[in-house]
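These notes concern the structure reproduced below.
The values are calculated or read from the model by the stated rules, or taken from the named source; none is laboratory data. Computed from a predicted structure; not experimentally measured. All Cβ positions, glycine included, derive from the backbone under ideal geometry; neighbour counts span all protein chains shown.
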C-alpha cells in the first residue's frame with residue numbers, strides 16, 4: 001500500500017542527505033519532488049506547501065558533527081507531513097456516542113459521496129464496528145433513486161442482523177431518514193446510519209437533496225466516503241461536497257489497493273476535516289481507525 005509515495009519520500013531523503021543544505025541546492029531537488037507528489041495524487045496546493053516548508057526548514061540547517069544528517073531530514077519531513085494532515089477539529093466517535101446514549105438519544109450519521117466509492121459497504125462496516133462495541137444500529141435507505149440501492153443495503157442489514165428502514169423507490173429521502181430516527185427513538189436504538197444518493201458531485205439537485213436531509217434530521221456527523229484510487233478526483237469531490245453540504249469527516253475506501261497514497265494527504269488538507277477511518281478490504285471488519293501519525297510513520301518507512 002502507498003508504495004509509490006514511500007519510494008518518492010525515500011528518494012527525496014537520499015538526495016538531500018548527500019547535498020549541502022543551501023537554497024540553490026535544495027530547490028531543484030524539491031522541484032522534482034513536487035512533480036513526484038503530484039504524480040502520486042497529491043493535490044498541487046498540498047505538494048507546493050510541503051516543498052515550501054521543507055525548503056524553509058532545511059535552509060542553512062547545521063548538522064552537528066556526530067549527528068545523523070538523514071535523521072535530521074526525516075524529522076523535518078515528518079513534521080511537515082503531519083502539519084498538512086492534522087486538523088483543528090478532532091472527532092472521538094465513541095465518546096460522542098456515549099454522550100448521546102446518556103441522554104437516551106440516537107446518534108445520527110449521514111453518509112454522502114458519489115456512486116462507486118463504496119459508500120453502502122462502508123455503512124455496513126461502520127454498523128459492524130458499532131455492534132462490536134455494544135451499540136445497536138438501524139440503517140436508513142435514503143438513496144431512493146438508484147436501481148438496486150434498497151436491495152443492496154437490505155442485504156447488508158440482513159447479514160449483520162440489524163433493522164433497516166426503507167420506503168418505495170422515488171420516495172422523499174428526507175422522510176426515510178426522519179422515520180428511521182423516530183424508529184430509533186421509539187426502540188432505544190443507539191445509532192442511525194443514513195445512506196444517501198450519490199449522483200455526480202456537480203449535480204445541483206443532489207446537493208440540495210442532501211442539504212434537505214441535513215436540515216430535516218440535523219445529524220451529529222456528516223461523513224464523506226471517497227475512493228482513494230480516484231486520486232485528484234477524490235480531492236475535488238471532497239472540496240465540492242464540503243462546500244455544498246458541509247462534512248465533518250471523511251472515510252477513505254480501497255486504500256489496500258492504493259499504490260500512490262496522495263489522496264490521504266490531500267483530502268484532509270483541502271477540507272480541514274479529519275479522515276476518520278480507512279477501508280482496507282471487502283470484509284465487514286476491514287475498517288481501520290485512521291491516525292495521521294501512524295500514516296506518516298508508515299510512508300516514511
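Step by step: first the residues of segment 137-161, then only those that are assigned to a helix (DSSP H, G or I) and in contact with a strand residue (DSSP E or B) (Cβ under 7 Å, 6 or more places away or on another chain), then the one that is surrounded by the most Cβ atoms within 10 Å (Cβ to Cβ). Which residue is that? Of everything passing the filter in segment 137-161, 153 is surrounded by the most Cβ atoms within 10 Å (Cβ to Cβ). Checking every residue in segment 99-121 against the condition of being touching a strand residue (DSSP E or B) at 6+ places or on another chain (Cβ under 6 Å), in a helix (DSSP H, G or I) and surrounded by fewer than 20 Cβ atoms within 10 Å (Cβ to Cβ) gives at least one match. When residue 64 is tested against (1) modelled with pLDDT of 85 or more; (2) over 16 Å from residue 262 (Cα atoms), just one condition goes unmet, and that condition is (1).
Just one of the listed residues (181, 189, 165) is touching a residue at least 12 places away in the same chain (Cβ under 8 Å), within 24 Å of residue 92 (Cα to Cα) and buried (at least 20 other Cβ atoms within 10 Å of the Cβ), and it is 181.
Can you confirm whether residue 9 is under 27 Å from residue 280 (Cα atoms), assigned by TED's automatic domain parsing to the domain that holds residue 71, at pLDDT below 85 and assigned to a helix (DSSP H, G or I)?
Details: under 27 Å from residue 280 (Cα atoms): yes; assigned by TED's automatic domain parsing to the domain that holds residue 71: yes; at pLDDT below 85: yes; assigned to a helix (DSSP H, G or I): yes.
When the stated conditions are applied, residue 9 passes them.
Scanning segment 151-173 for any residue that is within 16 Å of residue 217 (Cα to Cα) and within 25 Å of the chain's Cα centre (by Cα) turns up at least one such residue. On inspection, residue 74 fails the criterion of being out of contact with any strand residue (DSSP E or B) (no Cβ under 9 Å at 6 or more places or on another chain), part of a helix (DSSP H, G or I) and either loosely packed, with under 15 Cβ neighbours inside 10 Å or in the same structural domain as residue 248 (by TED's automatic domain parsing) (or both).
Could you grab me the full set of residues in segment 263-285 that are buried (at least 16 other Cβ atoms within 10 Å of the Cβ) and not in a helix (DSSP H, G or I)? Lay out the reasoning, then the answer.
Step one: list which residues in segment 263-285 are buried (at least 16 other Cβ atoms within 10 Å of the Cβ), which gives 263-271, 273-280, 284.
Selection gives 273, 274, 275, 276, 277, 278, 279, 280, 284.
Filter segment 234-257 for residues that are in contact with a strand residue (DSSP E or B) (Cβ under 8 Å, 6 or more places away or on another chain) and more than 22 Å from residue 90 (Cα to Cα) and give the result. Quick ask: steps written out before the conclusion?
Initially, segment 234-257 is screened for residues in contact with a strand residue (DSSP E or B) (Cβ under 8 Å, 6 or more places away or on another chain), giving 234, 237-238, 241-242, 245-256.
Matches in segment 234-257: 254, 256.
Exactly one residue among 161, 113 is touching a helix residue (DSSP H, G or I) at 6+ places or on another chain (Cβ under 7 Å) and in the same structural domain as residue 278 (by TED's automatic domain parsing), and that residue is 113.
If you go through segment 236-256 one residue at a time, do you hit one that is touching a helix residue (DSSP H, G or I) at 6+ places or on another chain (Cβ under 8 Å), in a helix (DSSP H, G or I) and either at pLDDT 95 or above or farther than 27 Å from residue 170 by Cα (or both)? Yes, segment 236-256 has at least one match. For segment 33-47, a residue qualifies if it is surrounded by 15 or more Cβ atoms within 10 Å (Cβ to Cβ) and part of a helix (DSSP H, G or I), and the qualifying residues are 33, 34, 36, 37, 38, 39, 46, 47.
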